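Data first, discussion second: the structure below is written as structure tokens.
Derivation of every value follows stated rules applied to the coordinates shown; laboratory data play no part. All figures in this text were calculated on a predicted structure; none of them were measured in a lab. Quick reminder, even Gly has a Cβ in these numbers, built from the backbone with ideal geometry, and neighbours come from all protein chains shown.
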Protein chains: 2
Amino acid sequence: MAEKKQWVVMVTAQTPTNIAVIKYWGKRDEARILPINDSISVTLDPDHLCTVTTVAVSPAFDHDQMWLNGKEISLSGSRYQNCLREIRNRAGDVEDKEKGIKIEKKDWEKLHLHIASYNNFPTAAGLASSAAGFACLVFALSKLMNVNEDPSQLSAIARQGSGSACRSLFGGFVKWTMGNKEDGTDSLAVQLTDEKHWNDLVIIIAVVSSRQKETSSTSGMRESVETSLLLQHRARDVVPQRVLQMEEAIKNRDFASFAQLTCADSNQFHAVCLDTSPPIFYMNDTSHRLISLIEKWNRSEGSPQVAYTFDAGPNAVMIAPNRKVAVQLLQKLLFCFPPKPDTDMNSYVLGDKSILQEAGFEGANGVEGLPHPPEMKEGEVSYFICTRPGRGPIVLHDQTHALLDPETGLPK
Amino acid sequence: MAEKKQWVVMVTAQTPTNIAVIKYWGKRDEARILPINDSISVTLDPDHLCTVTTVAVSPAFDHDQMWLNGKEISLSGSRYQNCLREIRNRAGDVEDKEKGIKIEKKDWEKLHLHIASYNNFPTAAGLASSAAGFACLVFALSKLMNVNEDPSQLSAIARQGSGSACRSLFGGFVKWTMGNKEDGTDSLAVQLTDEKHWNDLVIIIAVVSSRQKETSSTSGMRESVETSLLLQHRARDVVPQRVLQMEEAIKNRDFASFAQLTCADSNQFHAVCLDTSPPIFYMNDTSHRLISLIEKWNRSEGSPQVAYTFDAGPNAVMIAPNRKVAVQLLQKLLFCFPPKPDTDMNSYVLGDKSILQEAGFEGANGVEGLPHPPEMKEGEVSYFICTRPGRGPIVLHDQTHALLDPETGLPK
């Protein structure tokens, strides 16, 4: 180990979130987080939705510590512990000749870590913050510790933090193969296509407020596995074929098939939730209205214009085949779910706001950073986020992005 | 045929509605109305929810005519035609010596009918009015025409009007066996137990208003059969065992099993609706709140206090094991869903209002007949109906109940 005691080495990374188009719901192994079926997701543009994580190591740190969105959180849970253990097991030698620092493989056991993580979207909005979070943690640590594994191998580690996190190790379209091995080493993510393959797609997210605290996906899927008589049938007899069809639709950029499969699989996932005892309701009346809006439109045109999918919450993720249809979608959405009178359009449509002008809405200039969401009211859309398929994790080399102080290793 | 041309012979009957505790959803034969699984229902007390139908025959009538709730409706649909044809095929000789009227079997082909029907509850409230309606039509005609068939045989005719109507030919608990024959003659209802067998049960219905026009159950179940990948699994692999368990629970008055099966089957039916393309939402946020209220209560007590079930609409039908629990249920319901400030409790709790006093609510005296429901507002309970398991169809001999004029055969 280096003589100089007070050095801090750190890495900052940015990782996207993802939304499943073939859903993951149900584990066959709770501890290892092994799913009962394959799933497929699209990675969302990290410019609009991402996690940034800085990981630091220093001989001055006397225990592992983590801060999420500026607040210290415990690392004692098994999910964090599993990720840290797996990454430490794979750590390599690290040398910074310029700073005269050398960390050998064996040193990592004794060194402690500081971790700071930040989501550029509200954690509570139900936008899979844990997926991006664990993916970013594992990715950043792998860079810091010089772990010599490919992204799929890393995904199997991130999976042990949060199942869907494994799909955030890649851009574009990603498949999480459930695997067969008992130890879970073959339950990992692979990239189906990168984000350039189908770059016409536009994604609009409606963040829907809800009065009720939702069932966590962890306990929800456990209860579904234990009580739903439909879940096993879905996992065994429905999903395998859908996964093949979805891979084909993505490969061929066949939007009609893609939309049909995406909507059907979202609805089936929520059907299984309803078949759980006690039943789980993630969608509310606003979610239903959003679905009806799209279904009516799709039906009137005779072919799918827009796909929708809902995760474990009332938010709608809507996918349009191109900019032109996305503009029409946004117009319909703003017509049916207008902002409250005192709400500025700039705080009602977030992300890629350029679409606002195309949709004929004034006052979309002078866009600042992501503002805080307006106060939520039950059964309404809080705001929209316009985005697109995006890239996988990257290291942010510019030190200004670091969330930890390079001298002290404490949150800036 | 009798010489005197202007006679009118008529029969008035009252038939209960029913609520399924193991659901019917999906036909294997659309024309004959043959289901894909058995179903089980409880008949509701006709004092609170029923249809009254008067059927009349006269040589003076020149075509079949029907009035529903005072408005003439068409009899040309195949559902009415099938019922009328099947009943006419089984008509017998009728003689009224006192009036000097004799109708022979063969005469029925040429004679025309007047039918007037009335529901003692709002038709639009989604309380299975068609079930009671077709059951009452078939039952009343069978009496008028001296049809020599037992109630199960009549149920197979009523089934051709509306599937669930077959279960309204009996009181108590009723099973509709799906049958195997292609012609549907073995798809009929049988009584499991009469209404006295489990007469502690108390049933409270929450009539929930909804903004959206609901998908009719006929088209909804057709779409489920065509598009849901879960429905066949439910019909083939889930329901058969549930039916056996439910029969056992009813026989033993085992409320815990009864409640568990009732809730699970209602939720699974709605799950299949959600798995349909496009998805069908019958329950809304108010329905979800009612379920959560009961699930929380059941969980806190460690055993089912109350069962709930929802048909093709947002109304909750809640079943309590006895009066004591029903009083607690009503208290909880009125606490969570209070009447609007200008609403009298007497127009907010209908049916068996005596329970209101037990629940400690004043002003429940001076109860009149069923008032019209208060104006509906989305996402709220419009009113409650307190009732219990009830008897099957009866003939109302008192002429004051007749809905047709005994001289003219026209609506009174």
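If you average the C-alpha positions of the range A:222-258 and of the range B:127-164 separately, how far apart do those two centres end up, in angstrom?
43 Å
Cα gyration tensor of the range B:204-266, axes a ≥ b ≥ c as square roots of the eigenvalues: rounded (a/c below 1.5), prolate (a/b > b/c) or oblate?
oblate
By a straight-distance test (C-alpha under 23 Å), which lysines pair with B:LYS99 as possible cross-link partners, with residues fewer than eight away in the same chain excluded?
Those lysines meeting the cut-off are B:LYS4, B:LYS5, B:LYS110, B:LYS143, B:LYS412.
Quick check: the angle from helix B:217-227's long axis to the longest principal axis of chain B, C-alpha only, nearest 10 degrees?
Rounded to the nearest ten degrees, it is 70.
Just to check I understand the Karplus step: with θ = phi - 60° and J = 6.51 cos²θ - 1.76 cosθ + 1.60, what whole-Hz values come out for the range B:271-287, glycine and proline as x?
Here the 3J(HN,Hα) series is 5, 5, 4, 6, 7, 7, 10, x, x, 10, 10, 9, 8, 10, 4, 5, 4 Hz.
Amide H neighbours of B:ASN18 under 5 Å, counting only residues 5+ apart in sequence or on other chains, H built in-plane at 1.01 Å?
So B:ASN18 has HN proximity to B:LEU44, B:ALA132.
Could you derive backbone 3J(HN,Hα) for the range A:63-77 from the dihedral phi with the Karplus parameters 6.51, -1.76 and 1.60 (θ = phi - 60°), listing whole Hz in sequence and x where the residue is Gly or Pro?
Per residue, the Karplus-derived 3J(HN,Hα) values read 7, 5, 9, 9, 10, 10, 6, x, 10, 5, 10, 6, 9, 6, x Hz.
Given N residues in the protein assembly as shown, what is its alpha carbon radius of gyration divided by 2.2 N^0.38 Å? Walk me through the numbers before you get to the answer.
Details: Rg = 32.1 Å, N = 824, 2.2 N^0.38 = 28.2 Å.
Ratio of Rg to 2.2 N^0.38 Å for the protein assembly as shown: 1.14.
Considering the zone a paramagnetic label at A:THR227 would reach in this model (a point 7 Å from Cα along the Cα-to-Cβ line), which residues of the range B:294-331 have amide N under 18 Å from it?
B:294-310, B:317-319
Work out from phi, with θ = phi - 60° and the Karplus expression 6.51 cos²θ - 1.76 cosθ + 1.60, the ³J(HN,Hα) of each residue of the range B:11-28, listed in order in whole Hz, and give x for Gly and Pro.
Karplus values, whole Hz, x for Gly and Pro: 9, 10, 10, 10, 10, x, 9, 9, 10, 6, 9, 10, 7, 9, 8, x, 10, 8.
I'd like to know which of A:LEU329, A:THR185, A:SER300 lies farthest towards the positive end of the charge dipole of chain A, counting +1 on Cβ of Lys and Arg and -1 on Cβ of Asp and Glu.
A:THR185
Taking amide hydrogens as modeled 1.01 Å from N in the peptide plane, which residues meet the under 5 Å criterion relative to B:MET66, leaving out close sequence neighbours?
Amide H neighbours of B:MET66: B:ILE73, B:ILE115.
Using a 10 Å cut-off around each Cβ of peptide B:262-273, what is the average number of partner chain Cβ atoms that fall inside?
5
Going by alpha carbons, how many degrees (0 to 90, nearest 10) lie between the helix axis of B:323-336 and the longest principal axis of chain B?
70 degrees
Nothing charged except the Cβ atoms of Lys and Arg (+1) and of Asp and Glu (-1): what's the magnitude of the dipole of chain B about its Cα centre? Round to the nearest 20 debye. Write down the numbers at each step before the final one.
Numbers: 43 positive and 50 negative charges, 79 e Å.
Using Cβ point charges on Lys, Arg, Asp and Glu, chain B gives about 380 debye.
By per-residue mean of other Cβ atoms within 10 Å, what is the highest-first order of B:261-273, A:316-328, A:68-80? Show your work: numbers first, answer last.
Details: B:261-273: 26.2, A:316-328: 20.2, A:68-80: 12.7.
Per-residue mean Cβ counts within 10 Å order the peptides as B:261-273, A:316-328, A:68-80.
Of B:LEU68, B:SER354, B:SER228, which is farthest on the positive side of the dipole of chain B, counting Cα position, with +1 on Lys and Arg Cβ, -1 on Asp and Glu Cβ, and the Cα centre as origin?
B:SER228
Please give the FRET efficiency for A:ASP150 paired with A:THR400, using the beta carbon to beta carbon distance and R0 = 41 Å, rounded to the nearest 0.05.
So the FRET efficiency works out to roughly 0.90.
Students often check this: by mean Cβ neighbours within 10 Å, which of B:49-57, A:239-247 ranks highest, and how do the rest follow?
Highest to lowest by the protection proxy: B:49-57, A:239-247.
Would you please give the residues with an amide H less than 5 Å from that of B:HIS112, counting only those at least 5 places away or on a separate chain, with H modeled from the backbone geometry?
Close amide H contacts, sequence-distant or interchain: B:SER58, B:PHE61.
Counting only other chains, what is the mean number of Cβ atoms within 10 angstrom of the Cβ of each residue in peptide B:226-237?
What the average comes to for B:226-237 is 4.
Pull out a ≥ b ≥ c, the square roots of the eigenvalues of the alpha-carbon gyration tensor of the range A:202-387, then state rounded if a/c is under 1.5, prolate if not and a/b is larger than b/c, and oblate in the remaining case. Kindly include the intermediate steps, with their values, before the conclusion.
On the way: a/c = 2.34, a/b = 1.38, b/c = 1.69.
Because a/c hits 1.5 or more and a/b fails to exceed b/c, the range A:202-387 counts as oblate.
What does the extension gain come out to for A:SER354 and A:LYS196, with contour length at 0.36 nm per residue minus their alpha carbon separation?
54.9 nm
Starting with the highest mean, order A:91-98, B:32-39, B:292-299 by the number of other Cβ atoms within 10 Å, averaged over the residues of each peptide.
Highest mean packing first, the order is B:32-39, B:292-299, A:91-98.
Shortest first and in nm to one decimal, what separations exist between A:ASN199 and its copies in the other chains, measuring from label points 7 Å along the Cα-to-beta-carbon line?
Label point to label point, same position, other copies: 7.8 nm.
So what is the 222 nm mean residue ellipticity for the protein assembly as shown from helices alone, if each DSSP H run of at least 4 adds -39500 (n - 2.57) and you divide by all residues, rounding to the nearest 500 deg cm²/dmol?
Computed mean residue ellipticity for the protein assembly as shown: -9000 deg cm²/dmol.
If you look for lysine pairs in the range A:202-387 that are eight or more places apart or on different chains, how many of them have Cα atoms under 24 Å apart?
Pairs that pass both the separation and distance tests number 13.
Using only alpha carbon pairs under 8 Å that are at least six residues apart, calculate the relative contact order of chain B and give it in whole percent.
Working: 894 pairs, mean separation 97.0, N = 412.
24 percent.
Using only Cα atoms, tell me the angle between helix A:239-251 and the longest principal axis of chain A; keep it within 0 to 90° and round to the nearest 10.
90 degrees
Put +1 on the Cβ of each Lys and Arg and -1 on the Cβ of each Asp and Glu in chain B; which of B:VAL243, B:CYS263, B:MET283 then has its Cα farthest toward the positive end of the dipole?
Toward the positive end, the furthest listed residue is B:VAL243.
Within 10 Å of each Cβ in A:278-285, how many Cβ atoms from other chains are there, averaged over the peptide?
For peptide A:278-285, the averaged partner shielding equals 6.
Please find the FRET efficiency linking A:GLN331 to A:ARG253, where r is the Cβ-Cβ separation and R0 is fixed at 30 Å, and quote it to the nearest 0.05.
Numbers: r = 24 Å, r/R0 = 0.81.
The computed FRET efficiency comes out at 0.80.
Relative to the Cα centre, what is the charge dipole magnitude of the protein assembly as shown, using +1 at the beta carbon of each Lys and Arg, -1 at the beta carbon of each Asp and Glu, and rounding to the nearest 20 debye?
640 debye
For chain B, list log₁₀ I(q)/I(0) at each q in 0.10 Å⁻¹, using the Debye formula over Cα point scatterers of equal strength and ignoring solvent, two decimals each.
-0.67
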